[in-house]
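J.: Structure provided below as structure tokens; questions to follow.
Quick note: the coordinates plus some simple rules give every number you see, no bench work behind them. These figures come from a predicted structure and were not determined experimentally. Using ideal geometry, Cβ is built from the backbone for each residue, glycine included, and neighbour counts are taken over all protein chains shown.
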Amino acid sequence: MLKPSMNSSYDHAREAADFLLSRTPHRPRIGIVLGSGLGDFASQVQDPATVPYSGTPHFPQSTVEGHSGRMVLGTIAGVPVAVMQGRVHAYEGYGMDQVTFPTRVLGLLGVQTLIVTNASGGIRPDLTNGMVVGISDHINLTGTNAALGPNEPRFAVQAGSGQRFFDMTAAYSSRLLGLAQKTASEQDWAMSTGVYLAVLGPSYETPAEIRAFRTLGADLVGMSTVHEVIVARHMGMEVLGLSLVTNAAAGVSNQSIDHAEVMETGVRVAERFSALLQAVVPRIAGGTTSA
């Protein structure tokens, strides 16, 4: 699988973004990446234009169950959005430039805020199956970084972004996390927060690894998200991270871990997850409803 150079990556991302914009009158300001088991939220998008990744120039194709592989462009509560119904992962055989290509495209669509979601294992014992947790920070143990290679400043979507060396102190926006927690409280449930640790996968972690991750300060573990966030911050996007706990991490309980449980949990919490996103999107947009 050939990897494009950084310069051609920009040209390819620009071509993909222009293609998607030609399919909708809306100009998205918020992007949403739907993780494993959470793809049904895309059905809530109004006035949708649904474009398969397979029909979009240069887009990588998802091979994992629960990742439909479609971009849905439309509105939520009048706010223009771009919703990714599924993502690709490095464990599928993709390079990091391909894993983060859709994030680059979102930025070139005009997205200023990225809501990134995932399914995770709960390392902290109180983070139990079915909980939606706000990500406060992350630990990257995948062994690589999506910003490797020549720097391409044309990817900047905000003034001052697109730098070779960029700050990750506020990788996940405390402002957006506060909005999500306030929204959850108004819907009569409490949103916990936690640190998400990313591994390469595709094997699940061993109990010894989970003990090590706990010592490092991790509360959640998964196989995605961090590189999308790195690229989003390089481009200047503000990020809200939401993690659905689908199982106890290895060694936390005596149960085995399988992907079917991830999908079942997604179905079970779909209503709560959908209600949260539908309410928080217009709050993030600050009431802006123009397309």
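J.: In Å, what Rg and Dmax follow from the Cα atoms of the chain?
T.: Every Cα atom of the chain included, Rg and Dmax give 17.7, 51 Å.
J.: Within 12 Å, Cβ to Cβ, of Gln61, how many net charges do the neighbouring residues add up to if Lys/Arg are +1 and Asp/Glu are -1?
T.: That sum, taken over residues with Cβ under 12 Å, equals +1.
J.: Which of Asn247, Thr100, Ser161 sits closest to the plus end of the dipole of the chain, meaning its Cα is farthest towards the positive end, when Lys and Arg get +1 and Asp and Glu get -1 on the C-beta?
T.: Selected residue: Ser161.
J.: With charges set only on the Cβ (+1 for Lys and Arg, -1 for Asp and Glu), what does the dipole of the chain come to about its Cα centre, in debye to the nearest 20?
T.: Values: 19 positive and 23 negative charges, 127 e Å.
Once rounded to the nearest 20, the dipole reads 600 debye.
J.: Report ³J(HN,Hα) in whole Hz for each residue of the stretch 126-133, in order, from the Karplus equation J = 6.51 cos²θ - 1.76 cosθ + 1.60 where θ = phi - 60°; Gly and Pro get x.
T.: 3J(HN,Hα) across the stretch 126-133, in whole Hz: 7, 8, 9, 3, x, 7, 9, 10.
J.: Mind listing the phi-derived Karplus ³J(HN,Hα) values for the stretch 203-209, rounded to whole Hz, using 6.51, -1.76 and 1.60 with θ = phi - 60°, and x for any glycine or proline?
T.: With coefficients 6.51, -1.76 and 1.60, one gets 5, 6, 6, 8, x, 5, 5 Hz.
J.: With a sphere of radius 13 Å drawn around the Cβ of Ala180, what net charge do the other residues whose Cβ falls strictly inside it have (Lys, Arg +1; Asp, Glu -1)? Can you show the working numbers first?
T.: Details: positive: Arg175, Lys182, Arg272, Arg283; negative: Glu186, Glu238.
That works out to +2.
J.: If each of Thr215 and Ser185 carries a label point 7 Å out from its Cα toward its Cβ, how far apart are those two points in nm?
T.: 3.7
J.: For Glu205, what is the net charge nearby, where nearby means another residue's Cβ is under 12 Å from its Cβ and Lys, Arg count +1, Asp, Glu -1? Display every interim value, and only then the final one.
T.: On the way: positive: Arg211, Arg214; negative: Glu209.
Counting the neighbours of Glu205, the net charge comes to +1.
J.: Give the distance, in whole Å, between the Cα centre of the stretch 12-59 and the Cα centre of the stretch 149-176.
T.: Computed from Cα coordinates, the inter-centre distance equals 22 Å.
J.: For n ≥ 4 DSSP H runs only, could you compute -39500 (n - 2.57) per run for the chain, divide by its residues and tell me the 222 nm figure to the nearest 500?
T.: Estimated from H runs of four or more residues: -9000 deg cm²/dmol.
J.: Name the residue farthest towards the positive end of the dipole of the chain from the options Gly178, Leu277, His89, assuming +1 on Cβ of Lys and Arg, -1 on Cβ of Asp and Glu, about the Cα centre.
T.: Selected residue: Gly178.
J.: Hey, what did the chain get for relative contact order, percent, Cα under 8 Å, at least 6 apart?
T.: Numbers: 642 pairs, mean separation 76.3, N = 291.
Result for the chain is 26 percent.
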